[in-house]
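The values are calculated or read from the model by the stated rules, or taken from the named source; none is laboratory data. Since this is a predicted model, take the numbers as computed values, not measurements. Don't worry about glycine lacking a Cβ; one is built from the backbone with ideal geometry, like all the others, and counts go over all protein chains shown. All accessible areas refer to the heavy atoms of the entire protein, side chains included, with ligands and DNA or RNA removed. Shrake-Rupley method; radii C 1.70, N 1.55, O 1.52, S 1.80 Å.
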Amino acid sequence: MTPLDEVRSAWASLAPTLNAADESTLVELRSRFVGKKGEIPGLMRHLGSLPPEEKPAYGSAVQALRQEVEGTLDRLQVELRSRALAQRLESERLDLSLDGDGADAGTLHPLLALRDEILDLFTGMGFDVADAPEIDTEWFNFSALNVPDDHPARDMQDTFFLSREPGQEAVVLRTHTSNYQIHALRDRKPPFRLLHCGQVYRCDADATHAPMFCQVEGLVLDRGITFANLKATLFTMVRALYGPQAVLRFRPSFFPFTEPSAEMDVDCRSVGLDRDGWMEIGGCGMVHPKVLENGGLDASEFQGFAFGFGLDRMAMLRHGIKEIALLTNGDMRFLRQFRGLA
Ligand code: FA5
(Lines give C-alpha, C1' and ligand atoms only; values in the text may rest on other atoms or scores of the structure.)
Protein backbone atom coordinates (compact mmCIF):
# COMPACT_ATOMS: atom_id res chain seq x y z
CA MET A 1 0.00 0.00 0.00
CA THR A 2 1.37 3.45 -0.94
CA PRO A 3 1.51 6.22 1.69
CA LEU A 4 -1.34 7.95 -0.20
CA ASP A 5 -3.49 4.81 0.04
CA GLU A 6 -2.68 4.52 3.74
CA VAL A 7 -3.88 8.05 4.49
CA ARG A 8 -6.95 7.55 2.29
CA SER A 9 -7.93 4.38 4.09
CA ALA A 10 -7.25 5.93 7.54
CA TRP A 11 -9.66 8.75 6.62
CA ALA A 12 -12.21 6.33 5.12
CA SER A 13 -12.14 4.18 8.27
CA LEU A 14 -13.27 7.20 10.32
CA ALA A 15 -16.35 7.83 8.15
CA PRO A 16 -18.86 5.89 10.31
CA THR A 17 -17.88 7.84 13.45
CA LEU A 18 -17.76 11.33 11.97
CA ASN A 19 -21.40 12.28 12.44
CA ALA A 20 -21.08 11.82 16.20
CA ALA A 21 -17.80 13.79 16.48
CA ASP A 22 -17.76 16.72 18.88
CA GLU A 23 -16.01 20.08 18.37
CA SER A 24 -12.71 18.98 19.93
CA THR A 25 -12.60 15.74 17.85
CA LEU A 26 -13.09 17.82 14.70
CA VAL A 27 -10.22 20.10 15.73
CA GLU A 28 -7.99 17.05 16.34
CA LEU A 29 -8.89 15.49 12.97
CA ARG A 30 -8.23 18.76 11.16
CA SER A 31 -4.81 19.01 12.75
CA ARG A 32 -4.05 15.30 12.11
CA PHE A 33 -4.98 15.27 8.41
CA VAL A 34 -4.66 18.80 6.99
CA GLY A 35 -2.72 20.75 9.67
CA LYS A 36 0.72 22.15 8.79
CA LYS A 37 2.42 18.97 9.94
CA GLY A 38 -0.59 16.79 9.09
CA GLU A 39 -0.65 13.52 7.15
CA ILE A 40 -1.92 14.98 3.85
CA PRO A 41 0.63 17.85 3.58
CA GLY A 42 3.22 15.17 4.56
CA LEU A 43 2.35 13.21 1.40
CA MET A 44 3.86 15.96 -0.71
CA ARG A 45 7.29 14.96 0.60
CA HIS A 46 7.08 11.88 -1.61
CA LEU A 47 6.60 13.97 -4.77
CA GLY A 48 10.36 14.41 -5.33
CA SER A 49 11.01 10.66 -5.52
CA LEU A 50 8.36 10.03 -8.23
CA PRO A 51 9.12 9.83 -11.99
CA PRO A 52 8.20 13.14 -13.69
CA GLU A 53 5.25 11.64 -15.61
CA GLU A 54 3.56 10.46 -12.35
CA LYS A 55 3.97 13.74 -10.51
CA PRO A 56 0.89 15.62 -11.89
CA ALA A 57 -1.49 12.72 -11.18
CA TYR A 58 -0.05 12.25 -7.69
CA GLY A 59 -0.28 15.97 -6.91
CA SER A 60 -3.94 16.06 -8.04
CA ALA A 61 -4.81 12.95 -6.01
CA VAL A 62 -3.29 14.47 -2.84
CA GLN A 63 -5.09 17.73 -3.54
CA ALA A 64 -8.42 15.91 -4.10
CA LEU A 65 -8.04 14.06 -0.78
CA ARG A 66 -7.25 17.31 0.98
CA GLN A 67 -10.37 18.98 -0.46
CA GLU A 68 -12.53 16.05 0.55
CA VAL A 69 -11.21 16.05 4.13
CA GLU A 70 -11.46 19.82 4.52
CA GLY A 71 -14.92 19.95 2.94
CA THR A 72 -16.22 17.19 5.22
CA LEU A 73 -14.74 18.76 8.37
CA ASP A 74 -16.13 22.20 7.44
CA ARG A 75 -19.60 20.78 6.85
CA LEU A 76 -19.54 18.82 10.12
CA GLN A 77 -18.45 21.90 12.05
CA VAL A 78 -21.25 24.04 10.61
CA GLU A 79 -23.80 21.30 11.39
CA LEU A 80 -22.45 20.89 14.93
CA ARG A 81 -22.65 24.62 15.63
CA SER A 82 -26.13 25.00 14.25
CA ARG A 83 -27.30 21.99 16.32
CA ALA A 84 -25.77 23.58 19.45
CA LEU A 85 -27.44 26.93 18.66
CA ALA A 86 -30.81 25.28 18.08
CA GLN A 87 -30.49 23.44 21.42
CA ARG A 88 -29.58 26.67 23.21
CA LEU A 89 -32.46 28.60 21.65
CA GLU A 90 -34.83 25.80 22.61
CA SER A 91 -33.60 25.74 26.22
CA GLU A 92 -33.83 29.56 26.52
CA ARG A 93 -37.15 29.81 24.71
CA LEU A 94 -39.45 32.52 26.04
CA ASP A 95 -43.05 32.47 24.88
CA LEU A 96 -44.27 36.01 25.38
CA SER A 97 -47.79 35.03 24.38
CA LEU A 98 -48.27 32.67 27.34
CA ASP A 99 -50.72 33.64 30.05
CA GLY A 100 -49.16 34.10 33.46
CA ASP A 101 -49.60 30.89 35.43
CA GLY A 102 -48.26 32.21 38.71
CA ALA A 103 -44.68 30.96 38.44
CA ASP A 104 -43.92 33.09 35.38
CA ALA A 105 -46.52 35.79 35.90
CA GLY A 106 -45.45 39.34 35.07
CA THR A 107 -43.75 41.29 37.78
CA LEU A 108 -42.53 44.85 38.07
CA HIS A 109 -39.07 45.70 36.80
CA PRO A 110 -36.88 46.87 39.74
CA LEU A 111 -36.69 50.36 38.22
CA LEU A 112 -40.46 50.66 37.90
CA ALA A 113 -41.02 49.27 41.39
CA LEU A 114 -38.62 51.85 42.83
CA ARG A 115 -40.13 54.64 40.72
CA ASP A 116 -43.63 53.80 42.01
CA GLU A 117 -42.37 53.78 45.58
CA ILE A 118 -40.78 57.21 45.12
CA LEU A 119 -43.90 58.63 43.47
CA ASP A 120 -46.02 57.31 46.35
CA LEU A 121 -43.68 58.82 48.88
CA PHE A 122 -43.69 62.27 47.28
CA THR A 123 -47.41 62.38 46.57
CA GLY A 124 -47.77 61.59 50.29
CA MET A 125 -45.71 64.73 50.98
CA GLY A 126 -48.06 66.85 48.85
CA PHE A 127 -46.16 66.75 45.55
CA ASP A 128 -47.95 66.72 42.16
CA VAL A 129 -46.51 64.46 39.48
CA ALA A 130 -46.07 65.94 36.00
CA ASP A 131 -44.61 65.13 32.59
CA ALA A 132 -41.92 66.76 30.43
CA PRO A 133 -40.49 66.13 26.93
CA GLU A 134 -37.51 63.80 26.42
CA ILE A 135 -36.77 65.58 23.12
CA ASP A 136 -36.31 69.25 23.83
CA THR A 137 -34.57 72.36 22.59
CA GLU A 138 -31.10 73.29 23.72
CA TRP A 139 -32.69 76.34 25.32
CA PHE A 140 -34.86 74.33 27.77
CA ASN A 141 -32.11 71.77 28.43
CA PHE A 142 -29.22 74.25 28.88
CA SER A 143 -29.64 77.99 28.21
CA ALA A 144 -32.72 78.65 30.33
CA LEU A 145 -31.00 76.74 33.13
CA ASN A 146 -28.17 79.24 33.09
CA VAL A 147 -25.70 76.77 31.54
CA PRO A 148 -23.08 78.89 29.70
CA ASP A 149 -22.75 78.53 25.90
CA ASP A 150 -19.24 77.10 26.27
CA HIS A 151 -20.11 74.65 29.09
CA PRO A 152 -18.52 71.21 28.40
CA ALA A 153 -21.89 69.44 28.95
CA ARG A 154 -23.11 71.04 25.71
CA ASP A 155 -20.36 69.29 23.79
CA MET A 156 -21.26 66.56 21.26
CA GLN A 157 -19.24 64.14 23.40
CA ASP A 158 -21.69 64.54 26.28
CA THR A 159 -24.96 65.38 24.54
CA PHE A 160 -26.92 63.60 21.79
CA PHE A 161 -27.90 66.40 19.39
CA LEU A 162 -30.84 65.53 17.11
CA SER A 163 -30.38 68.65 14.99
CA ARG A 164 -27.88 71.47 15.13
CA GLU A 165 -28.32 73.71 12.07
CA PRO A 166 -26.82 77.21 12.00
CA GLY A 167 -29.50 79.84 12.69
CA GLN A 168 -31.97 77.30 14.16
CA GLU A 169 -32.66 76.29 17.74
CA ALA A 170 -30.75 73.03 18.33
CA VAL A 171 -32.76 69.97 19.44
CA VAL A 172 -31.34 67.43 21.91
CA LEU A 173 -32.22 64.24 23.70
CA ARG A 174 -32.43 65.85 27.12
CA THR A 175 -29.36 65.22 29.25
CA HIS A 176 -31.23 65.61 32.54
CA THR A 177 -34.78 65.99 33.84
CA SER A 178 -33.96 69.57 34.88
CA ASN A 179 -35.45 70.75 31.56
CA TYR A 180 -38.68 70.10 33.46
CA GLN A 181 -37.91 73.02 35.80
CA ILE A 182 -38.36 75.57 33.00
CA HIS A 183 -41.51 73.91 31.61
CA ALA A 184 -42.99 73.86 35.13
CA LEU A 185 -42.07 77.48 35.87
CA ARG A 186 -43.68 78.62 32.62
CA ASP A 187 -46.81 76.49 32.90
CA ARG A 188 -47.71 76.84 36.58
CA LYS A 189 -48.08 79.44 39.25
CA PRO A 190 -46.26 79.00 42.58
CA PRO A 191 -46.56 77.91 45.31
CA PHE A 192 -46.11 74.31 44.15
CA ARG A 193 -44.34 71.05 44.88
CA LEU A 194 -43.69 69.07 41.75
CA LEU A 195 -42.12 65.76 40.87
CA HIS A 196 -41.17 64.43 37.46
CA CYS A 197 -39.57 61.11 36.55
CA GLY A 198 -38.27 60.12 33.11
CA GLN A 199 -35.49 58.98 30.80
CA VAL A 200 -32.43 61.08 30.05
CA TYR A 201 -29.56 60.53 27.62
CA ARG A 202 -25.81 61.13 27.68
CA CYS A 203 -22.77 59.85 25.76
CA ASP A 204 -21.56 57.96 28.79
CA ALA A 205 -20.97 54.29 29.62
CA ASP A 206 -19.19 52.35 32.38
CA ALA A 207 -20.19 50.24 35.39
CA THR A 208 -22.18 53.06 37.01
CA HIS A 209 -22.91 55.26 33.95
CA ALA A 210 -25.39 54.37 31.19
CA PRO A 211 -26.16 56.28 27.97
CA MET A 212 -29.89 56.11 28.80
CA PHE A 213 -30.98 56.27 32.40
CA CYS A 214 -33.80 57.59 34.53
CA GLN A 215 -33.87 60.63 36.77
CA VAL A 216 -36.33 61.85 39.38
CA GLU A 217 -36.62 65.62 39.45
CA GLY A 218 -38.22 67.62 42.25
CA LEU A 219 -39.06 71.31 42.25
CA VAL A 220 -40.54 73.19 45.20
CA LEU A 221 -41.34 76.88 44.98
CA ASP A 222 -42.87 79.11 47.61
CA ARG A 223 -42.13 82.10 49.78
CA GLY A 224 -39.57 81.52 52.54
CA ILE A 225 -38.17 78.19 51.32
CA THR A 226 -34.67 77.43 52.69
CA PHE A 227 -31.94 74.82 52.33
CA ALA A 228 -33.25 73.21 55.52
CA ASN A 229 -36.48 72.31 53.67
CA LEU A 230 -34.43 70.73 50.89
CA LYS A 231 -32.33 68.72 53.32
CA ALA A 232 -35.34 67.52 55.31
CA THR A 233 -37.14 66.40 52.12
CA LEU A 234 -34.18 64.44 50.80
CA PHE A 235 -33.33 62.85 54.15
CA THR A 236 -36.95 61.77 54.43
CA MET A 237 -36.80 60.20 50.97
CA VAL A 238 -33.52 58.33 51.47
CA ARG A 239 -34.43 57.03 54.93
CA ALA A 240 -37.86 55.91 53.71
CA LEU A 241 -36.25 53.99 50.84
CA TYR A 242 -33.18 52.54 52.56
CA GLY A 243 -34.10 52.52 56.25
CA PRO A 244 -33.32 54.82 59.19
CA GLN A 245 -29.78 53.43 59.50
CA ALA A 246 -28.78 54.84 56.06
CA VAL A 247 -25.78 57.17 56.37
CA LEU A 248 -25.93 60.14 53.96
CA ARG A 249 -23.71 63.06 53.19
CA PHE A 250 -24.17 66.31 51.31
CA ARG A 251 -21.09 67.42 49.35
CA PRO A 252 -20.81 71.05 48.19
CA SER A 253 -21.01 71.05 44.41
CA PHE A 254 -21.76 73.27 41.43
CA PHE A 255 -24.73 73.37 39.07
CA PRO A 256 -25.32 76.55 37.02
CA PHE A 257 -29.03 76.37 37.83
CA THR A 258 -28.79 76.15 41.64
CA GLU A 259 -26.96 78.22 44.23
CA PRO A 260 -25.81 76.88 46.65
CA SER A 261 -25.58 73.38 45.16
CA ALA A 262 -24.80 69.98 46.64
CA GLU A 263 -24.47 66.35 45.71
CA MET A 264 -25.83 63.59 47.86
CA ASP A 265 -24.03 60.32 48.56
CA VAL A 266 -25.11 57.22 50.48
CA ASP A 267 -22.66 55.06 52.43
CA CYS A 268 -22.81 51.63 50.74
CA ARG A 269 -22.27 49.55 53.91
CA SER A 270 -24.96 51.47 55.80
CA VAL A 271 -27.58 50.16 53.35
CA GLY A 272 -26.36 46.57 53.55
CA LEU A 273 -23.98 46.41 50.58
CA ASP A 274 -20.81 44.37 50.91
CA ARG A 275 -18.47 47.13 49.78
CA ASP A 276 -16.81 50.26 51.14
CA GLY A 277 -17.35 53.73 49.80
CA TRP A 278 -20.10 56.15 48.87
CA MET A 279 -22.56 55.99 45.97
CA GLU A 280 -23.53 59.36 44.49
CA ILE A 281 -27.27 59.33 43.90
CA GLY A 282 -28.20 62.90 43.04
CA GLY A 283 -27.64 66.62 42.81
CA CYS A 284 -29.66 69.42 44.37
CA GLY A 285 -29.67 73.05 45.44
CA MET A 286 -31.61 76.27 45.81
CA VAL A 287 -33.10 77.42 42.48
CA HIS A 288 -30.86 80.08 40.92
CA PRO A 289 -32.50 83.55 40.54
CA LYS A 290 -31.62 83.52 36.79
CA VAL A 291 -33.68 80.33 36.36
CA LEU A 292 -36.64 81.93 38.14
CA GLU A 293 -36.34 84.94 35.81
CA ASN A 294 -36.15 82.67 32.74
CA GLY A 295 -39.34 81.05 33.98
CA GLY A 296 -40.99 84.50 34.22
CA LEU A 297 -40.96 84.79 38.03
CA ASP A 298 -39.86 87.55 40.38
CA ALA A 299 -36.82 86.12 42.22
CA SER A 300 -37.26 88.54 45.12
CA GLU A 301 -40.70 87.10 45.86
CA PHE A 302 -40.22 83.35 45.46
CA GLN A 303 -37.53 80.93 46.54
CA GLY A 304 -37.29 77.26 45.86
CA PHE A 305 -35.24 74.13 45.82
CA ALA A 306 -34.71 71.50 43.17
CA PHE A 307 -33.14 68.07 43.03
CA GLY A 308 -32.34 65.47 40.40
CA PHE A 309 -31.67 61.86 41.40
CA GLY A 310 -30.48 58.89 39.35
CA LEU A 311 -33.14 56.16 39.62
CA ASP A 312 -30.82 53.46 38.21
CA ARG A 313 -28.15 54.31 40.80
CA MET A 314 -30.74 54.19 43.56
CA ALA A 315 -31.88 50.74 42.36
CA MET A 316 -28.24 49.55 42.25
CA LEU A 317 -27.83 50.70 45.83
CA ARG A 318 -31.01 48.99 46.93
CA HIS A 319 -30.33 45.60 45.33
CA GLY A 320 -26.51 45.50 45.37
CA ILE A 321 -26.25 45.63 41.56
CA LYS A 322 -22.67 46.24 40.38
CA GLU A 323 -23.28 46.83 36.63
CA ILE A 324 -25.82 49.49 35.64
CA ALA A 325 -26.29 47.93 32.17
CA LEU A 326 -27.96 44.87 33.76
CA LEU A 327 -30.96 47.04 34.52
CA THR A 328 -31.78 47.69 30.88
CA ASN A 329 -30.35 44.84 28.78
CA GLY A 330 -33.42 42.65 29.24
CA ASP A 331 -31.59 39.54 30.48
CA MET A 332 -34.31 37.33 31.97
CA ARG A 333 -31.82 35.50 34.23
CA PHE A 334 -31.11 38.82 35.96
CA LEU A 335 -34.74 39.99 35.99
CA ARG A 336 -36.11 36.74 37.44
CA GLN A 337 -34.35 37.57 40.71
CA PHE A 338 -36.80 40.40 41.22
CA ARG A 339 -39.95 38.28 41.06
CA GLY A 340 -42.46 39.43 43.56
CA LEU A 341 -41.74 43.16 43.37
CA ALA A 342 -45.13 44.82 43.27
C1 FA5 B 1 -27.85 66.52 37.11
O2 FA5 B 1 -28.26 65.84 36.17
C3 FA5 B 1 -28.63 67.71 37.61
N4 FA5 B 1 -29.67 68.03 36.66
C5 FA5 B 1 -29.20 67.37 39.00
C6 FA5 B 1 -29.83 68.56 39.67
C7 FA5 B 1 -31.20 68.79 39.56
C8 FA5 B 1 -29.03 69.44 40.41
C9 FA5 B 1 -31.77 69.88 40.18
C10 FA5 B 1 -29.59 70.52 41.03
C11 FA5 B 1 -30.96 70.73 40.91
P12 FA5 B 1 -25.80 65.01 37.61
O13 FA5 B 1 -25.19 65.10 36.26
O14 FA5 B 1 -24.84 64.96 38.74
O15 FA5 B 1 -26.77 66.22 37.87
O16 FA5 B 1 -26.73 63.73 37.65
C17 FA5 B 1 -27.58 63.51 38.75
C18 FA5 B 1 -27.57 62.03 39.10
O19 FA5 B 1 -27.93 61.25 37.95
C20 FA5 B 1 -26.21 61.49 39.51
O21 FA5 B 1 -25.97 61.75 40.87
C22 FA5 B 1 -26.36 60.02 39.25
O23 FA5 B 1 -27.10 59.39 40.28
C24 FA5 B 1 -27.22 60.02 38.01
N25 FA5 B 1 -26.40 59.89 36.79
C26 FA5 B 1 -25.65 60.84 36.17
N27 FA5 B 1 -25.08 60.36 35.05
C28 FA5 B 1 -25.49 59.07 34.96
C29 FA5 B 1 -25.28 58.04 34.00
N30 FA5 B 1 -24.57 58.23 32.88
N31 FA5 B 1 -25.85 56.84 34.22
C32 FA5 B 1 -26.62 56.63 35.32
N33 FA5 B 1 -26.90 57.56 36.25
C34 FA5 B 1 -26.32 58.77 36.06
Could you sort T159, T2 by accessible area so the largest value comes first, with the probe set to 1.4 Å? T2, T159
Any idea how far apart R164 and H151 come out in nm if each label point goes 7 Å out from Cα toward Cβ? 1.6 nm
Could you please report the charge total around N141, scoring K, R as +1 and D, E as -1 over all other residues with beta-carbon less than 15 angstrom from its beta-carbon? -3
Tell me, what is the FRET efficiency for A20 and E280 to the nearest 0.05, using R0 = 45 angstrom and their Cβ-Cβ distance as r? 0.20
Given the candidates G126, L89, L194, the one whose Cα lies deepest towards the positive end of the charge dipole of the chain, counting +1 at each Lys or Arg C-beta and -1 at each Asp or Glu C-beta, is L89
Are there any GluC sites (Glu not before Pro) in segment 57-86 that are in a DSSP loop and have at most 15 other Cβ atoms within 10 Å? List them by number. none
Whole-Hz Karplus ³J(HN,Hα) for segment 280-285, in order, using 6.51 cos²θ - 1.76 cosθ + 1.60 and θ = phi - 60°, x for Gly and Pro? 6, 10, x, x, 6, x
Compute the longest continuous run of the chain that contains no exposed trypsin sites (Lys or Arg not before Pro); treat a site as exposed when its DSSP state is not H, G, I, E or B and it has at most 11 other Cβ atoms within 10 Å. 94-222
Residue-ordered couplings for segment 145-156, obtained by feeding phi - 60° into the Karplus form 6.51 cos²θ - 1.76 cosθ + 1.60 and rounding to whole Hz (Gly and Pro as x), are 8, 6, 7, x, 4, 9, 5, x, 4, 7, 5, 4
Would you mind working out the magnitude of the charge dipole of the chain relative to its Cα centre, with +1 at each Lys and Arg C-beta and -1 at each Asp and Glu C-beta, to the nearest 20 Debye? 700 debye
In terms of the alpha carbon gyration tensor, root eigenvalues a ≥ b ≥ c, rounded if a/c is under 1.5 and otherwise prolate when a/b exceeds b/c or oblate, segment 82-193 is oblate
How many Å² of accessible area per residue for the chain, probe 1.4 Å? 54 Å²
Three-way shape label, segment 1-61, alpha-carbon gyration tensor, a/c 1.5: prolate
Listed residues F309, F33, F235; largest mean-square fluctuation, Gaussian network over the chain with Cα springs below 10 Å, found at F33
Report the residue, chosen from G42, G282, G330, that carries the largest GNM mean-square fluctuation when the chain is represented by alpha-carbon nodes joined by springs under 10 Å. G42
Quick one: Cα convex hull volume of the chain, Å³ per residue? 252 Å³
Give the calculated FRET efficiency between R269 and Q87 to the nearest 0.05, with a Förster radius of 51 Å applied to their Cβ-Cβ distance. 0.70
If you build a Gaussian network model of the chain, linking Cα atoms that sit under 10 Å apart, which residue out of L185, L85, L14 swings the most? L14
Within segment 1-65, GluC sites (Glu not before Pro) in DSSP loop having at most 12 other beta-carbon neighbours inside 10 Å: none
Calc'd 3J(HN,Hα), segment 250-264, phi into Karplus 6.51 cos²θ - 1.76 cosθ + 1.60 (θ = phi - 60°), Hz, glycine/Pro = x, comes to 9, 10, x, 8, 9, 10, x, 9, 9, 7, x, 10, 8, 10, 10
Placing each pseudo-label 7 Å from Cα in the direction of the beta carbon, F235 and A325 end up separated by a distance in nanometres of 4.0 nm
Once R0 is set to 51 Å, what does the formula 1/(1 + (r/R0)^6) return for the Cβ-Cβ distance between R223 and M332, expressed as a FRET efficiency to the nearest 0.05? 0.50
Charge context of L311, other residues only, Cβ under 12 angstrom, K/R +1, D/E -1: -1
Expressed in whole Å with the largest first, what are the equivalent ellipsoid semi-axes of segment 274-324 derived from the C-alpha gyration tensor as the square root of 5 times each eigenvalue? 35, 10, 7
Cut-off under 23 Å on the C-alpha distance; same-chain residues fewer than 8 positions from K290 excluded. Which lysines are left, in chain and number order? K189, K231
Under the 7 Å Cα-to-Cβ spin-label approximation, H109 and R339 lie apart by a distance in nanometres of 2.0 nm
